[in-house]
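To start, the structure under review is shown below, and the notes come after it.
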Amino acid sequence: MGKIICIITILLFVSVLSFAQGSIKGKVISEGKPLPFINIALLNTNLGTISDSLGNYWLKNVPWGTYQIQFSGVGFKPFKVSVSVNKDKIATLNANLEEDLSELQAVVVTGTMKESFIIQSPVHVEVFTPHFFKKNPTQCLFDALQIVNGVRPQMSCNVCNAGDIWINGMPGAYTMVLIDGMPIVSALSTVYGLSGIPNSIIERIEVVKGPASTLYGSEAVAGLINIITKSPTKAPQFSLDAFGTGYGEYNLDLAGKFSINKTQSLISANYFNFNQISDKNGDGFTDVTLQNRISIFNKWSVERKNSRLMNLAWRYMYEDRWGGQTSWERKFRGTDSIYGESIFTKRFELIGNYQLPFDKEKIVLNYSFNSHIQDSQYGTTSYLADQKISFAQLLWDKKIGKHDLLLGSTLRYTHYDDNTPATAKENTENQPNKTTLFGIFAQDEIRLFKKQKLLLGLRYDKHPVHGNVWSPRANYQWSMNENNTLRVSYGNGFRVVNLFTEDHAALTGARRVEIREALQPERSWNINANYQKHIHTEIGEFDVDVSGFYTYFTNRIIADYFTDPDKIIYENLRGHAVSKGLALNTDFSFRFPLKINAGVTLMDVYQKEDDGTGSLVKLPQIQTSPFSGTFALSYTLRKPQITLDWTGNFFSPMHLPVVPNDYRPEKSPWYSIQNLQLTKTFGNGLQIYGGVKNLLNFMPKGDVILRAFDPFDKTANDPVSNPNGYTFDPTYIYAPMQGMRAFVGVRYAIF
């Protein structure tokens, strides 16, 4: 009888325990955006679930008690927290995950034109998300890249603030900028078009350092930047981001999406206005170009059978900018009364892709069109240009055993017309340049062994002037284990110089352009080596990325500012040019809410040219810092959801474009631009942020514009007042002419 009572007691106890269960429910988000398919696990148990398409989860039949619950997913830092389950109520626990590209699990497309995880790509690709750029809010892509190591937005004129993006010490003409893999930003648009790309349309940015001519053609000599635009399927229903600075800069981003049957559409608009004249250095010229710009972006995605691709996007941008003497008004445009540089830009872009309806083959047609109209007045010099580029690309992606093949063909048509000698016949009759460029390429990604890959590629282009152009490449990857990866790449670069469309200095009228001979294509050979190491420790996850690069130019067209102070001389290289260096990037993600990104680049960029006696003279490249670095530090107070971001860069002295007997230093000083930001995140998709830009209040000192008091050189020939023969010159520039300024902004999103 006692045994029966004991058994009954045990069964009753077990029965009670079986009913002593509760549940945990909540939502998983990142920056207010719901995260689907996130793994949720109760540590040291067999219980777990995943979040649904809206980020919601419900973990049922959890015995009473206190547990450690962990949220994890590809591309996000694991989040672990304690939770108690009891009989009184359902435990509600929401999780806000932080993006973490240090896991090397982000999907990239730029290196090989096909999707692959970073760790599996034989081409070294760096990925940056909007979350990274929000650490230092800016109004456009050009400014945002200032905290990316080895990538430098460089202005070329103190008056109109024209600029381009340098990679590894090579000027912007060697950097190809893509939008969704299409060569939208090139030639004419590299001068002002980069400032017209708002951050609001960016899903992520992929950066490849080193030549990529095999897949993308000429211009990708230093590397390429691929801007992946937001997908309508992933974007919030509505988003707003607005900020202003103490300098009078105002930026507004608005976006929303809607659906029609199986088609989803995202539309966004960006407006930027800066209309406050500032002359901190007292030279009578605006420190910063005044701008009024609007950009509208619309993207459509169609849901098709078997998840085949079909996307179409367009963007329109209009910008009115001017810089010059502070008393300049629109009525002085093009006259020699008051000096001003006034530029009107109208730009339209169309981008699309369509996967052909083959069941067993993946064949995709990519296409784009862009129109860029520029109406410029540089003092009394008029530059009117109209450029239209049509591009089509057909890709066939095929896997055969250990071979992952990509075959493609491209057709590019460029129509360019301006009012310079570049498009004029000998009798001065206008003759627009019309260029059709056809290319084919093949790429084979071979899995040699379980942990080794070899990527071979070859491209052929038929150039209408320079004939047959061959561009080979080879990439080797050795993934020793999940924490150590070695990559080596080798390839060549080929680029045809478009002088008046790429080099703003040739247009300002401050110096006379002299082209001493027919300019030949630039050719280069490059080798890159990269080593990545991922370190797991008790205090956090750490990534170390080391790269070495060497580029050898057999011909390079470099503007000569030094031979004659009144001229910019262009001619073919009588020797060779070299760009070499080392880059170190680190990423520290601690278990406590601290994250640090830091990087340094050491470079030696020069040319060796015949001095006329048969000897080669080494000449350093101007506006190139031998030692530079960037950093971004973020610390989050989780309970009040306040994040502190400290970002910045620093540069060692660089050679500057001085003139003979110049009283200005021929080298810049060491300097650093640093920014501080506080962000408060609320639970309803609202963020309020503010801080200080240029915390150290650094600005170039002295006369950055030579003879700013006489911009039309009306008294430059007077030997008494101007014994050194100086002329007006705004090209002496190395850092922004904006001092310390406060900013405040708000972000809001509805999903």
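Key figures for this structure:
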{"item": "Top positive-direction residue, dipole computed over segment 163-322 with Cβ charges, set Ile296, Ile260, Asn275", "result": "Ile260"}
{"item": "For Leu619, Leu35, order by how many other beta-carbon atoms lie within 10 Å, fewest first", "result": "Leu619, Leu35"}
{"item": "5 Å-binned pair-distance histogram of segment 588-657 (Cα, whole percent)", "result": "4, 13, 15, 13, 11, 10, 8, 7, 6, 4, 3, 2, 2, 1, 0"}
{"item": "Kirkwood hydrodynamic radius over Cα pairs of segment 251-379, then Stokes diffusion coefficient at 10 °C and 1.306 mPa s, in µm²/s", "result": "89 µm²/s"}
{"item": "Sorted by Cβ neighbour density within 10 Å, fewest at the top, the residues Arg523, Arg473, Arg204", "result": "Arg523, Arg204, Arg473"}
{"item": "Angle between the chain longest axis and helix 2-19 axis [Cα atoms, degrees, rounded to 10]", "result": "30 degrees"}
{"item": "Size-normalised alpha-carbon gyration radius of segment 679-751, reference 2.2 N^0.38 Å", "result": "2.00"}
{"item": "Extension gain from Ile539 to Gln431, taking 0.36 nm per residue of separation minus the Cα-Cα distance", "result": "32.3 nm"}
{"item": "Stretchable slack from Asp279 to Trp314, in nm (0.36 nm times residue separation minus alpha-carbon distance)", "result": "8.8 nm"}
{"item": "Residues with amide H under 5 Å from that of Leu59, placed H, sequence gap 5 or more", "result": "Ile24, Lys25"}
{"item": "Charge dipole of the chain about the Cα centre (unit charges at C-beta), most positive-ward option of Thr727, His463, Asn61", "result": "Asn61"}
{"item": "Largest-first principal axis extents of the Cα set of segment 24-84 (Å)", "result": "31, 19, 17"}
{"item": "Cβ charges +1 (Lys, Arg) and -1 (Asp, Glu), total dipole of the chain, debye", "result": "3260 debye"}
{"item": "Structure-based [θ]222 nm, the chain - -39500 (n - 2.57) summed over DSSP H runs of at least 4, per residue, nearest 500", "result": "-1000 deg cm²/dmol"}
{"item": "Förster-model FRET efficiency, 41 Å R0, Ala474 and Arg664, C-beta, rounded to 0.05", "result": "0.35"}
{"item": "Coil-residue trypsin sites (Lys or Arg not before Pro) of segment 601-710, DSSP, other Cβ within 10 Å capped at 15", "result": "Arg638, Lys701"}
{"item": "Listed residue (Thr326, Ala392, Gln621) projecting farthest to the positive dipole end of segment 227-750, Cβ model", "result": "Ala392"}
{"item": "Quotient of Cα Rg and 2.2 N^0.38 Å for the chain, N being how many residues it contains", "result": "1.05"}
{"item": "Burial ordering of Thr551, Thr380, Thr643, fewest other beta-carbon atoms within 10 Å first", "result": "Thr380, Thr643, Thr551"}
{"item": "Arg304 long-range amide H proximity, modeled H, under 5 Å", "result": "none"}
{"item": "Integer Hz, Karplus 6.51/-1.76/1.60 couplings in order for segment 624-635, x for Gly and Pro", "result": "10, 7, x, 9, 8, x, 9, 8, 8, 10, 10, 10"}
{"item": "Gain in span if fully extended, Ser721 to Phe358, counting 0.36 nm per residue against the direct Cα distance", "result": "123.0 nm"}
{"item": "Rounded Å value of the spacing that divides the Cα centres of segment 443-483 and segment 690-744", "result": "46 Å"}
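Any read-out appearing in this document is the output of simple, stated calculations on the displayed coordinates, not a laboratory observation. Predicted model, so just to flag it, every value in this text is computed and none were measured. FYI the Cβ positions are ideal-geometry reconstructions off the backbone, even for glycines, and counts take in every protein chain you see.
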